[in-house]
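Okay, structure first, notes after.
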Amino acid sequence: MADASSAADLDALRQEALAALTGATDPQAVEAWRVAYLGRSGKVTQALRSVGAQPAEQRREAGAAANRVKARLEKALAVRSEELRSARLDALSDDAIDVSLPGRLAEIGSLHPSTRIMREICAIFERMGFQVVEGPEVEWDRYNFELLNIPKDHPARDMFDTFWIDGAADEDGRSTMLLRTHTSPMQARVMEERRPPIRVVVPGKVYRYEATDATHESQFHQVEGLVVDEGVSFANLKHTLYEFARQLFGGERKVRFRCDYFPFVEPGVDVAIDCFKCDGDDARCRICRGSGWIEIMGAGMVHPQVLRNVGYDPDRYTGFAFGMGPERIAMLKYGIEDIRLFLGNDLRFLSQF
Ligand code: DAH
């Protein structure tokens with residue numbers, strides 16, 4: 001264009017450019033158009049440059065006219081780009097996907113509080129040299145009761161409201177299969193399978209045919225412990241459980257052992273720690289109910305009859321066992337007031353851990 005800065009030429013340039021832009025139907029064509037007209041050596045840029053070569057009296061008017069054309073084309077470019085963009089989006093949403101919608105964040109879960117506390121409990125015993133083993137939740141009467149010194153018709157069976165399973169029965173027609181009511185049957189299984197020294201903890205689910213309330217659930221967890229060897233004494237039991245209580249609840253905890261009855265241990269004890277909430281100073285403490293002590297597990301020396309039942313000589317081997325409920329411990333530790341929350345599947349509860 002010889003003298004692109006004359007008014008007529010500028011008008012022709014504007015029309016030519018606008019027509020060319022209409023023909024640009026994809027982003028590459030639009031970009032090529034931009035370079036051709038508005039780029040560094042584009043036609044409009046050249047027209048603006050040539051203004052300087054004009055006689056002084058025409059320069060001002062010519063410059064203003066060239067700038068108007070430039071502004072007009074820039075606006076047309078913006079409009080055209082937007083048209084093409086929304087046409088592309090329309091085409092994509094023919095597939096019924098709204099590509100402009102922000103993505104959904106995947107929520108990251110966390111460990112269930114029962115899992116957390118069980119892992120914490122097992123880790124403490126692992127550091128003391130215990131091995132973690134697991135066992136079946138559907139169990140035989142023999143392991144859940146009989147080998148543990150709880151014969152048929154023994155009143156101690158009343159301690160365990162049991163879910164019996166149809167399918168296997170003894171000669172009197174009574175079911176011999178059940179959902180384990182505690183993790184203690186693994187004591188007998190481990191002793192049968194191995195020889196001393198034995199040092200295991202057994203985390204797992206247990207079941208009770210129970211009316212549920214804030215402190216009772218029909219499904220919960222237990223962690224069982226068993227140590228059997230020559231020369232294992234009650235002092236070993238005390239030391240081990242002391243160490244455990246202090247690692248879980250803090251180094252300043254006191255531990256209390258009181259006589260209790262469980263058919264598979266003799267002597268049997270209930271193990272309590274002093275109340276970490278009120279130190280025994282608050283008669284209305286919600287955790288210890290003013291007693292100053294919190295029961296955390298049952299324990300005892302393995303009953304000689306249990307050792308005999310699995311073929312061990314009780315004059316040679318002795319051992320201790322203990323069993324605790326992680327939900328109860330989590331309730332104490334985290335101040336949870338209702339055991340039903342653990343299986344309630346309420347994210348408001350679960351996401352706090
Ligand atoms: N199995 C008992 C229960 O479920 C708890 C228990 C008490 C386990 C004393 C033990 C023990 O190993 O020695 O109530």
(request) Considering only region 293-303, state which residues are out of contact with any Lys or Arg (no Cβ under 7 Å at 6 or more places or on another chain) and more than 14 Å from the ligand (Cβ to nearest atom). (result) Ile294
(request) Considering each of Gly319, Gly280 in turn, give the residue that is away from the ligand (no atom under 16 Å from the Cβ) and small (Gly, Ala, Ser). (result) Gly280
(request) Just name the residue that is modelled with the lowest pLDDT out of those in region 91-130 that are in a loop (DSSP other than H, G, I, E, B) and surrounded by 13 or more Cβ atoms within 10 Å (Cβ to Cβ). (result) His112
(request) Pairs only if they're at least six apart or on different chains, beta carbon under 9 angstrom, first in region 75-104 and among the polar types (S, T, N, Q), second exposed (fewer than 11 other Cβ atoms within 10 Å of the Cβ); list them, first residue then second. (result) Ser93/Val99; Ser93/Ser100
(message) Residue under question is Ala106, and the condition is that it be out of contact with any strand residue (DSSP E or B) (no Cβ under 6 Å at 6 or more places or on another chain), under 30 Å from Tyr334 (Cβ atoms) and not charged (D, E, K, R); does it hold?
(response) yes
(message) For the list (1) in contact with a helix residue (DSSP H, G or I) (Cβ under 9 Å, 6 or more places away or on another chain); (2) more than 25 Å from Gly319 (Cβ to Cβ), I need the number of the one condition that Asp161 fails.
(response) (1)
(request) Please state which one of Glu230, Glu224 is modelled with pLDDT of 95 or more, in contact with a strand residue (DSSP E or B) (Cβ under 8 Å, 6 or more places away or on another chain), within 21 Å of Ile296 (Cβ to Cβ) and acidic (Asp, Glu). (result) Glu224
(message) Give me the helices (runs of 4 or more DSSP H) completely within region 138-250, filtered to those with at least 3 residues that are under 24 Å from Glu337 (Cα atoms), more than 11 Å from the ligand (Cβ to nearest atom) and open to solvent by 20 Å² or more (accessible area, probe 1.4 Å), ordered by residue number.
(response) 234-249
(request) Go through (1) at pLDDT below 95; (2) within 33 Å of the chain's Cα centre (by Cα) one by one and return the number of the condition Asn144 breaks. (result) (1)
(request) Select from region 206-240 the residues that are in contact (Cβ under 8 Å) with a residue 24 or more places away in the chain and hydrophobic (A, V, I, L, M, F, W, C) and list them in ascending order. (result) Val206, Ala214, Phe220, Val223, Leu226, Val227, Val228, Val232, Phe234, Leu237
(request) Residues being part of a strand (DSSP E or B), of a type outside the set (Asp, Glu) and within 10 Å of the ligand (Cβ to nearest atom): count how many of those fall in region 254-266. (result) 1
(request) Could you grab me the full set of residues in region 322-335 that are within 16 Å of the ligand (Cβ to nearest atom) and over 19 Å from Val271 (Cα atoms)? (result) none
(request) Among the residues of region 1-53, write down those that are within 15 Å of Leu77 (Cβ to Cβ) and among the β-branched types (Val, Ile, Thr). (result) Thr22, Thr25, Val30, Val35, Val44, Thr45
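The values are calculated or read from the model by the stated rules, or taken from the named source; none is laboratory data. A quick note: this is a predicted structure, and the numbers were derived from the prediction, not measured. For neighbour counting, all protein chains shown are included, and Cβ atoms are generated from backbone atoms with ideal geometry for every residue, glycine included. Surface accessibility is based on the protein's heavy atoms, side chains included, excluding ligands, DNA and RNA. Shrake-Rupley method; radii C 1.70, N 1.55, O 1.52, S 1.80 Å.
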